[in-house]
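**Student:** Here it is: the structure, laid out below.
The values are calculated or read from the model by the stated rules, or taken from the named source; none is laboratory data. What you are looking at is a predicted structure, and each value in this text was computed from that prediction instead of being measured. Please note: Cβ atoms are built from the backbone with ideal geometry, for glycine as well, and neighbour counts cover all protein chains shown. Note: accessible area is taken over every heavy atom of the protein model, side chains too, but ligands, DNA and RNA are not part of it. Shrake-Rupley method; radii C 1.70, N 1.55, O 1.52, S 1.80 Å.
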Amino acid sequence: MHILLERVAPGRVAVIRGDDDRSEVADAELADLVRAAEAERRPRWVWSDTRTWYPPLLRSGVRVERCVDLRLSHAILRSSTLTAGSALASAVPGPWDGAAQPDALPEEGSAALFDLDGPEPEAPPSAAAEFAAQQEAVAASAEPGRLRLLLAAESAGALIAAEMQHAGLPYSVERHDQLLTALLGPRPRFGRPAVMEELAAELREALETPGLNPDSPPEVLKALQRAGLMATSTRSWELRELDHPAIAPLLRYKKLSRLHSANGWTWLDTWVADGRFRPDYIPGGVVTGRWATRGGGALQLPKEVRAAVVADPGWKLVVADAAQLEPRILTGLSADTAMAAAGRGTDLYAGIVATGAVAERAQAKVAMLGAMYGATTGDSGRLMPRLARAFPRAVRLVEDAARTGESGGVVTSRLGRSSPPPGPGWRSIQEAASGSDSTQAEERRARSRARDWGRFTRNFVVQASAAEWALCWMAELRNRLTRLGPGGAPFTAAPHLVYFLHDEVIVHTPAELADDVAEAVTVSAAAAGRLLFGAFPVDFPVTAAVVDSYGDAK
């Protein structure tokens, strides 16, 4: 059954169980109402936004099993090709809609993919009407079963994100300080750490530039060029191609500077409290359905500090990651039986080598990445024809997705999330190039932008479907973890998810349940594969390590 919660006045919440069953409660009474309903009926809660409704319940000691996140669901149904004919999809933009899609190609980490700045939007009106419109759109869609699974998984992900922030990732301030001190020297009162100062002095001497600011790329680039080096930027990959005594300290300085600015002592003071790192996860923060974070950099926690993620006494961390997730997702999407056989029970890249398509595992990886990301030059371009001959269905699927994008079309994931169309800027470039008076420069620009968008749609179908698999994996795992632990104390006595990174999860568990959790992780991965691809025989192997510290997992 569904129970819808809707704000009707400051301090008052409407509780709607059906057309003729509506009541109101004060905010102070809501937690007890939800707790009682969870124990008696196991409902699916319907609310505007999990990020608004769920944290106060968690702080009151209430955990819910299921929900419908109307804001996340609206974003999916509004743009999905499966619901294109619905009233919801064709309605004029309203309070449930987010920012318009940009003209620029969405790239992970760019403003085009995130809408994280500014205050939280006010809850839009009429959650009941929105829920009815969403149900109607799904029922009339081309694939209602797949969409229902996607919306359920997306909403479960929102619950998991809130729970992970509430529980926090167990984190040792002392260990983090030790790791930083070993790499950077003692924490400075001001200025750069000692090791970075030593590297800066070494760099200035090697480049014969006493006043060089190593944090200024223009200054460093000019100094490199004055030293006779043909550098065009200070990017690390380009610097590694140069031979000069300044290169080693410069690369080392850049690496330590990133660590100091992103995960140094200031980060520690800001984000870790009471032995927990509590990042603010943003489910669906990327157009492919991948998550983002609002500050804290949880999705870029570097290897240098992972040893500071330490289980509580008497507890363990189960660190699990899915092997070659995106290539295996491509296998299922394309129903390529030859590729499925290559990865069955073994490393997929090694299986590709065994088919004779390529000679080495490294070549198999390069070829697969080229297929999914659209690389057409170098080793990827050279190996692609071999991959296409061995696995024609898989390569055809991504090639077709690329052609769709190049023509300005939209592609859709396994369960129904669709890519954004290119914006008016992109279309105006294409129109200018197709005119009778177009210039060669305009035509080159249009072809380049079309290829860029084709690379985006090529990867979208794979990455978005992989994000759906990961949501199903976590949702299934969350349910299994709940059954493993004692009732009534999900975050203090039972195993629970504490970290997620695209194809990797960490579970914090009582030590005596660690082996059961490791098994639950692998069983849940197989279940997620069946949810997306039914009986098609594509494997989703997961490696699970039981450790005391995240740094010991790899």
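**Student:** Would you mind checking which residues have amide H under 5 Å from residue 68's amide H? H placed 1.01 Å from N; only 5 or more apart, or other chain.
**Tutor:** Answer set, sorted by chain and number: 45, 46, 47.
**Student:** Determine the principal axes of the Cα atoms in the chain, then give the extent along each, sorted from largest to smallest and rounded to whole angstroms.
**Tutor:** In descending order, the Cα extents are 81, 66, 49 Å.
**Student:** Calculate, in nm to one decimal, what residue 280 and residue 244 gain on full extension: separation in residues at 0.36 nm each, minus their alpha carbon distance.
**Tutor:** 8.7 nm
**Student:** While we're looking at this one, here's another question. Between residue 519 and residue 208, what is the spin-label point distance in nm, taking each point 7 Å from the Cα along the Cα→C-beta axis?
**Tutor:** My value for the distance between the label points is 7.0 nm.
**Student:** So how strong a dipole does the chain carry about its Cα centre when Lys and Arg Cβ are +1 and Asp and Glu Cβ are -1, to the nearest 20 debye?
**Tutor:** Once rounded to the nearest 20, the dipole reads 1100 debye.
**Student:** Counting pairs on different chains as well as pairs 8 or more places apart, how many Lys pairs in the chain have Cα atoms under 30 Å apart?
**Tutor:** Eligible lysine pairs with Cα atoms under 30 Å apart amount to 13.
**Student:** Say R0 is 51 Å: what FRET efficiency, to the nearest 0.05, do residue 40 and residue 347 get from their beta-carbon distance?
**Tutor:** Rounded to the nearest 0.05, the efficiency is 0.60.
**Student:** Also, quick follow-up: If you stretched the chain out fully between residue 545 and residue 312, how much longer would it get, using 0.36 nm times the residue separation minus the C-alpha to C-alpha distance?
**Tutor:** Working: separation 233, 0.36 × 233 = 83.88 nm, distance 1.64 nm.
Once the chain is fully extended between residue 545 and residue 312, it gains 82.2 nm.
**Student:** Between residue 187 and residue 29, what FRET efficiency follows from the Cβ-Cβ distance if R0 is 51 Å, with the result rounded to 0.05?
**Tutor:** 0.60
**Student:** Test of understanding: extend the Cα→C-beta vector of residue 215 to 7 Å, then name every residue of segment 232-258 with backbone N under 12 Å from that spot.
**Tutor:** Output list for this probe position: 257-258.
**Student:** Also: Which of the trypsin sites (Lys or Arg not before Pro) found in segment 1-79 are in a DSSP loop and have at most 15 neighbouring Cβ atoms, other than their own, within 10 Å?
**Tutor:** Passing sites in segment 1-79 are 41.
**Student:** Next up: When ligands, DNA and RNA are left out and all protein chains stay put, how many square angstrom of accessible area per residue does the chain have with a 1.4 Å probe?
**Tutor:** Heavy-atom SASA per residue in the chain reads 45 Å².
**Student:** Expressed as a rounded percentage, what relative contact order does the chain have, with Cα pairs under 8 Å and six or more residues apart?
**Tutor:** Values: 881 pairs, mean separation 92.0, N = 554.
Answer for the chain is 17 percent.
**Student:** Which values, in whole Å and largest first, are the semi-axes of the equivalent ellipsoid of segment 200-305 obtained as the square root of 5 times each eigenvalue of the Cα gyration tensor?
**Tutor:** The equivalent ellipsoid of segment 200-305 has semi-axes of 35, 17, 10 Å.
**Student:** For the chain, with the dipole built from +1 on Lys and Arg beta-carbon atoms and -1 on Asp and Glu ones, taken about the Cα centre, which of 394, 209, 277 lies farthest toward the positive end?
**Tutor:** So the residue we want is 394.
**Student:** Using the beta-carbon distance between residue 361 and residue 139 and R0 = 51 Å, what value does 1/(1 + (r/R0)^6) give for FRET efficiency, to the nearest 0.05? Don't skip to the end; give the middle numbers.
**Tutor:** Working: r = 47 Å, r/R0 = 0.92.
With a Förster radius of 51 Å, E is 0.60.
**Student:** Same structure again: For n ≥ 4 DSSP H runs only, could you compute -39500 (n - 2.57) per run for the chain, divide by its residues and tell me the 222 nm figure to the nearest 500?
**Tutor:** -16000 deg cm²/dmol
**Student:** Let me ask another. Hey, quick one: spin label on residue 338, modelled 7 Å out along Cα-Cβ, who in segment 358-377 has an amide N within reach, i.e. under 16 Å?
**Tutor:** Within reach of a label on residue 338, which here means backbone N under 16 Å from a point 7 Å along Cα→Cβ, segment 358-377 contributes 358-359, 364, 367-368, 371.
**Student:** Taking Cα centroids, how far is segment 13-65 from segment 193-260 in Å?
**Tutor:** Using only Cα atoms, the two centres lie 57 Å from each other.
**Student:** Along Cα→Cβ, 7 Å out, is where each label goes; now give me the distance between the ones at residue 226 and residue 270 in nm to one decimal.
**Tutor:** Placing both labels 7 Å along Cα→Cβ, they lie 3.3 nm apart.
**Student:** Quick check: pseudo-label points 7 Å beyond the Cα along Cα→Cβ at residue 554 and residue 511, how many nm apart are they?
**Tutor:** Spacing of the two 7 Å Cα→Cβ label points: 2.7 nm.
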